[in-house]
Every structure is written in structure tokens, then in C-alpha cells.
Amino acid sequence: MAGLSSVVKLATSLVCLILVAAWTASAALVHHKFTIGTQNVTRVCNTQTIVTVNGQFPGPTIEVREGDNLVVEVDNNGPYNVTIHWHGVKQLKSCWADGPAYITQCPITPGNKFTYKFTITGQEGTLWWHAHISYLRATVHGALVIKPRAGKAYPFPKPDAEIPIILGEWWNANVEDVIADAIKTGTVPANSDAYTINGQPGDFFNCSANDTSHISVKSGKRYLLRIVHAGMLHGSFFKIAQHKMTVVAVDAVYTKPYTTDVLLIQPGNTMDVLITADQKLGQYYIGTRVYNSQPGRTEYLNTTTTAILEYKGNDKTYIASAPLLPNFPAYDDTATAFKFSTALRSLRSSVPQTVDEEMFITEGFGLVPCMDNSCTDNNGVRPVGSLNNISFVDPEISILQAYYNGTNGVFTRDFPSNPPQAFNYTGNVPLSLWTPELGTKVKVLKFNSTVQIVFQNTAIITLQNHPIHLHGHDVYLVGQGFGNYNSQTDPANFNLVNPQTLNTVGVPTGGWAAIRFVANNPGVWLMHCHFESHSALGFAMVFLTEDGPRNSDKLPPPPSDLPKC
Ligand code: C2O
């Protein structure tokens, strides 16, 4: 009998083992509910009614494992139309869930709901989510943490703890008024009144010191900072006094570990960095300051935004001391910005070695006539964003819906692969080249085609480093440089082995950047400057990737609750 019972026990535990193994290997369903509403929030001595998710600013962190199915039910109890975008998520065959308003869906109107459903496939690290309509992402955003599948390790030493760090901006105004006023008056939207770390401006802003974010660490331990740049209009230098940082992932792609004392992070980018609490017990500022890439520009917020990295002893050894401030690069230190953004390499890579579609896209600004008489003080013109001399105009129904339903007149398929003419892009551009055309133009891509784009910054109005984000894809940053791109000599220096892989690429100010990607995801994919005011002013275009030949390469039909326009 004893023998039989131990056989039964053994069999039972084997079954359990198999069950556990099957359970850990299979994907989970992660369900969240986002209730959009409004909240009175006070920062820098000013109270605003802001739009939030679940009453939180920044919004809730979502945590999943690679392979999980994410279901987020968005209930719009706020006063504005809303959509949510899952920034950096590849959305393989789930373009309907991508979220940009009037591109893949119509907005969720007040009082209505939409449930986003998609799978996180082949991506690990940190991404984020944000509202993708008008200026709402200023307050409607949060981190999306993607851990490896159960039982799978990080490709770097295991941290003792993980800490999300969200960089943001704060306006002493209703952000919807900020953008509406700018569009009405034909001007550039007003700068924010504070930058924030985890929602707080820090010790150097008015009425803020009592609320500065504190991040506790224990001496000798290792931490993974998951940094999200949710800011609206500036790249940032990021430092921690007396601590080195090792970058291990960018945009949810692992990098070769790169140790540095300064990061440059652009709106849209996410960065995972390891730090070790290896300094004397005490307090150290985590700080960010603006990277101002516009030559001669002076009107930007030059205050340092801070949080405090605070060592906690095991018991009573905590020593209070005045926090140390890091030394920052100059605001306009483009050399440091360029050094950082050319230093990163991805850990694994499969860059397309040949190119089916080659594009050369001039990017920057232009001036177009005012929509009405409201901007007469600007000589009747207003600034807009421009890609290959086209300034994007939002359609009235979503492009993906129009494409799927065969509705004509919503967009045209003639986004050009080159600017209308060649000129000295970064030199003194003649005024006759300052006026882009307005249009809702898409570039059609064959399924699985390989695409190369060289982005060329122009000096029209001003040179500037623009972070260009492509929805639904990671792109390989194969080369970058200053001045005008030279198609004869520059390709020889492209890195086709292990280039950094990103979803948002900062094109050097007064320079160019070359990317490659594979159009392996049927649907409609927005590409735009992640400076929100630039994208709101037309710095955008759309790729339309056709279905592939096999059934498994086709975009499934829209979800039944997709909002209607
Ligand atoms: Cu994070 Cu289209 O945006």
C-alpha cells in the first residue's frame, strides 16, 4: 500500500509540475479599467482641473509579461473626446487598437467606452501609454512595464528593485486651451510652467519643495530605473549626482550595456538604466534639464527639475544631508546629445540588408496662410510642421476605417518619397521654399517591404532636433550626421550590424538620420514629431501597409465596439 501511495504522490506531483510549466509558459490575460475623469491638481502654486485616468497624475503603471494579452476598458467620463495610444507597442495585426485619433479610430466621446485588446509580442522593457488627441497627453499618460516571460531572465544583472520615473510637463492653464489658442492665433503653443519627475517639479520650483518625489534606495543594492519621457516639447538631459547609469534598454529593445553619467532622453523615448547605490549614505538629486537644440533660442524653461535619491540605512543609519546637485551639460550642448545618441547599440539585431523603398524626407517647419483673420499680427501666416513640403491635415473620419470600408475622399495616396526639389537644406533657405502644401497624404507600402528613410532637418524658420516617432514598428537607426545628407558618401558609414533600435528617433539639429524598418504589419501607421505642438501643427504623415498574401498576414476586421465618427 505504501508503495502505491508513493506512486500516486509521484504521479500527482508530476502532473502538478507539468501544469505549472504549462501555466508559466502560456500567456496571461491582463485586464485594466481606465476611467477618464477630471481632477483638481495643484502644482507651482496654481490649481488646474486636469484630465486624468483613475484620478491619478501621472496615470497608473500597467505591468505585463512578454506574450500577455492586454485588455484595457476605457470609460470616458471626462469632458473631452479621448483615445489612448500604446506608445511603442508593435500591435501585430491589431492596428485597430493603436489609438491615434482620426488615424486608426474615431475618438471615444464623453459618456462612451471602448476596449483596447492586443498582445505584447517580442518586446521587453519599458513602453508607455498616452492620450492621442489634441493636447490631452500632457496629463493622460503612464508607464507600460513589460517583463520577460515567467522563468526567463533579464540579459543583465538582476536588479534588487525597479523604479518607474516619468518625466512630464505642467501648465498653469488648461492644456486644451493652450493648443486651441495657438491654432486660433496662428502661433506656437505657450511653453509649460514646470517640468516634473513623477508628477512633481522638485525643490527649485515655487511652492514645490514639500512635495518633491523621494526615491529610497538601500546601500549596496542595484536598481532598474524605468524612465519614460512623457514631456511635450523638449528633450532632456538626465543625471543623478555622483552616480553612474548603465543603459540596458531603450524603447523596449535591449542595448549593449552603456555606462554614462548623462542621458539624453526625447519625448517618446523610454530608457531602462541600472544604478548601484554605491555612494555614502545621504541624498542625491536626480535632475533633468532642457536640451535646447534651436540655435539662438532663449525662451525656454531653464530651471532644473529634481527628485531625491535617498539612501535608507538598514535601521537608524540614515543621514540627513543637503542633497548634492549634478553638473549639467550646457542647455545647447549638442555635442553631448550627439555623443549619447550615437553611442548606443542594440544587443540583438536583424537589420534589413537590402531596401525596397527608399525615401528622403525633409523635416521641419513652414509658413502657410492663416485659416481666418485671427493671425494678422503675423503678416497673415502661421507656422506649421512639414514633411517633404506637406503639412498633414487630420481627416474627419479615421484613415484606417476609410481604407477598410473603401470610403473615398478621406486621404490621398500620394505622399512623396522625395521633396519637390533639392536645396541647401541646412543653409539659408530661400523664402520661396517656405510654404508647404496642406494635405492628408499617405505612403502605401507593400507587405514585408523593407524601407529606408533619410530624415533631413531643414533650416526653414529654425533648425531643431525633432524626435520622430513611427507607430507600430521598431526602426533601426543606421546612421546620422550634421549638415546635408550625402547619398554618395554617407551610406558607406551605415551600421547594418547592431544599430540602436527605437520607436522614436531624434534627428540631429541641422543634420540627418537614416532609419530602416520592415513593413511587416498591415494597417495604417502614423509617423510624427513627438513634440506635441509640432505634430498638432501638421508635422506628421501616414504609412498604409497592405495586407500580405496569406490569411495570417491580413489585418482582422475592426472590433465591434470601435467608436464611430
Ligand atoms: Cu507617443 Cu503618436 O505617439
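Remark: the chain carries 40 Å² of accessible area per residue (probe radius 1.4 Å; ligands, DNA and RNA excluded). Under 5 Å between amide hydrogens, built in the peptide plane, is the criterion, and for Ile163 it picks out Leu224, Leu225, Arg226 among residues at least 5 positions away or on other chains.
Distance between the 7 Å Cα→Cβ label points at Val381 and Gln488: 3.3 nm.
Got a number for carbon plus sulfur as a percent of segment 14-147's accessible area, 1.4 Å probe?
55
Quick note on segment 271-366: its Rg to Rh ratio, both from C-alpha atoms and Rh being the Kirkwood radius, is 1.13.
Each residue was assigned an accessible area with a 1.4 Å probe, and for Glu299 the value is about 110 Å².
For segment 357-553, report the convex hull volume of the alpha-carbon atoms normalised per residue, in Å³, without decimals.
Considering the Cα atoms of segment 357-553, their hull volume per residue is 124 Å³.
Of Leu309, Leu324, Leu463, the order by accessible heavy-atom surface (1.4 Å probe, DNA, RNA and ligands excluded), from most exposed downward, is Leu324, Leu463, Leu309. Residue pairs exceeding 20 angstrom between C-alpha atoms, taken from Lys239/Lys280; Lys152/Lys256; Lys244/Lys280; Lys90/Lys339: Lys90/Lys339. FRET efficiency for Asn172 and Ala335, Cβ-Cβ distance as r, R0 = 30 Å, nearest 0.05? Working from the Cβ atoms, E equals 0.30. In the chain, a dipole from Cβ-located charges (positive for Lys and Arg, negative for Asp and Glu) runs towards its positive end, and of Ala492, Gly186, Pro157 it is Pro157 whose Cα lies farthest in that direction.
Restricting to bridges with both residues inside segment 161-343, how much of the DSSP beta-bridge set is antiparallel, in percent to the nearest 5?
So the antiparallel bridges amount to about 75 percent of the total.
Taking the DSSP beta bridges with both ends in segment 357-553, the antiparallel portion is around 70 percent. Given in Å, the Rg to one decimal and the Dmax to the nearest whole number for the Cα atoms of the chain are 24.1, 98. Based on C-alpha pairs under 8 angstrom that are at least 6 apart in sequence, segment 41-116 has a relative contact order of 31 percent. Beta bridges per DSSP, both residues in the chain: antiparallel share near 70 percent. Counting only Cβ charges, +1 for Lys and Arg and -1 for Asp and Glu, the dipole size of the chain around its Cα centre is about 1680 debye. Contact order for segment 14-147, expressed relative to its length and based on alpha carbon pairs under 8 Å spaced 6+ residues apart, stands at 28 percent. Round to the nearest 0.05 the FRET efficiency obtained for Leu347 and Leu438 when R0 = 45 Å and r is the Cβ-Cβ distance. Calculated transfer efficiency: 0.60. Directionally averaged projected area (segment 320-434, Cα convex hull): 16.2 nm².
Each listed q (0.14, 0.15, 0.19, 0.27 Å⁻¹) maps to a log10 I(q)/I(0) for segment 378-424, found by the Debye formula over equal Cα scatterers with no solvent: -0.53, -0.59, -0.80, -1.03. For segment 516-559, the alpha-carbon radius of gyration amounts to 1.47 times the rule-of-thumb value 2.2 N^0.38 Å expected for a compact globular protein.
Cα convex hull, segment 83-134: 77 Å³ per residue, rounded to a whole number. The distance linking segment 529-565 with segment 205-281 is 32 Å (Cα centroid to Cα centroid, whole angstrom). Which of rounded, prolate or oblate describes segment 60-108 when judged by the alpha-carbon gyration tensor and an a/c cut-off of 1.5? Taking the square roots of the gyration eigenvalues as a ≥ b ≥ c, segment 60-108 is oblate. Of the peptides 338-351, 168-181, the ranking by mean beta-carbon count within 10 Å, highest at the top, reads 168-181, 338-351.
Treating each Cα of segment 477-565 as one equal point scatterer and applying the Debye formula with no solvent, the log10 of I(q)/I(0) at q = 0.12, 0.22 Å⁻¹ comes out as -0.58, -1.20.
Among 538-545, 147-154, sorting by the average number of other beta carbon atoms lying within 10 angstrom of each residue, highest first, gives 538-545, 147-154. Normalised by 2.2 N^0.38 Å, where N is the number of residues, the alpha-carbon radius of gyration of segment 481-528 equals 1.35. Ranked by solvent-accessible area (1.4 Å probe, protein heavy atoms only, all chains present), the residues Asp75, Asp261 order from largest to smallest as Asp261, Asp75.
By definition, a body whose alpha carbon gyration tensor gives a ≥ b ≥ c is prolate when a/c is 1.5 or more and a/b is larger than b/c, and segment 161-343 fits this prolate description. The spread of Cα positions in segment 19-169, taken along each principal axis and listed from longest to shortest, comes to 49, 35, 25 Å.
Against the criterion of solvent-accessible heavy-atom surface with a 1.4 angstrom probe, Arg382, Arg65 sort, most first, into Arg65, Arg382.
The values are calculated or read from the model by the stated rules, or taken from the named source; none is laboratory data. Not measured: the values here are computed from a predicted model. Neighbour counts are summed over all protein chains in view; Cβ atoms, including those assigned to glycine, are modelled from backbone coordinates with ideal geometry. These area figures cover heavy atoms from the full protein model, side chains too; ligands, DNA and RNA do not enter into them. Shrake-Rupley method; radii C 1.70, N 1.55, O 1.52, S 1.80 Å.
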